[in-house]
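Please find one structure pasted underneath; my questions will follow.
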Amino acid sequence: MKTYQNEHVMVKVACSVHLLQQTWVGIPTSENFRDGSLAILALAKRHQIKRWWIDLRQLRLFNPIDLHWFIQHWLPQAYTGQLLPQQARVAISLNDLNQFGKLGSDMLLRASGNLNESLTSRYFVGMMIPETGYL
């Protein structure tokens, strides 16, 4: 079930397992990145998300200014609103050729880990997450 979509992100929620899946494509504009991120925040709150699957296999790159905004504004809202619970799991699917997606993800996970030391995250290269049993 699609619960949000713009030109660069599609978001689905599996309510029964508290899973939110984000699929990013292309090079998101700042407007699409921020609108998508705020929609994700609202969906996480509404559905008490505990598992995050971030699919970056079709992403070309994130704008560093948007990553800074995410760290400075989105993450504090997520943690003060307790939208990233202590035992949250984050899985990131990457294309092995996309080092820009990996670098951006590393920045976001490092900042998230500073706010929540028990956050669990893992990268998967070129594969679908549900097949692994991680989430």
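The values are calculated or read from the model by the stated rules, or taken from the named source; none is laboratory data. Because the structure is predicted, anything quoted here is derived from the model rather than measured. Glycine gets a Cβ as well: all are built from the backbone with ideal geometry, and neighbour counts include every protein chain shown.
Which of the following residues is among the basic types (Lys, Arg) and free of Cβ contacts under 8 Å to residues at least 60 places away in the same chain: Arg57, Arg51, Arg46?
Arg46
In the stretch 97-118, what residues are among the polar types (S, T, N, Q) and over 16 Å from Leu67 (Cα atoms)?
Of everything in the stretch 97-118, those that are among the polar types (S, T, N, Q) and over 16 Å from Leu67 (Cα atoms) turn out to be Asn98, Asn116, Ser118.
Sort through Gln77, Gln82, Gln86, Gln48 and tell me the only one that's modelled with pLDDT under 90 and touching a His at 6+ places or on another chain (Cβ under 7 Å).
Gln48
Which of the following residues is surrounded by fewer than 18 Cβ atoms within 10 Å (Cβ to Cβ), over 20 Å from Asp106 (Cβ atoms), out of contact with any Cys (no Cβ under 7 Å at 6 or more places or on another chain) and of a type in the set (A, V, I, L, M): Leu43, Leu38, Leu19, Leu61? Step through it out loud before you land on a result.
Numbers: Leu43 fails: surrounded by fewer than 18 Cβ atoms within 10 Å (Cβ to Cβ); Leu19 fails: surrounded by fewer than 18 Cβ atoms within 10 Å (Cβ to Cβ); Leu61 fails: over 20 Å from Asp106 (Cβ atoms).
Leu38 is the lone residue from the list that is surrounded by fewer than 18 Cβ atoms within 10 Å (Cβ to Cβ), over 20 Å from Asp106 (Cβ atoms), out of contact with any Cys (no Cβ under 7 Å at 6 or more places or on another chain) and of a type in the set (A, V, I, L, M).
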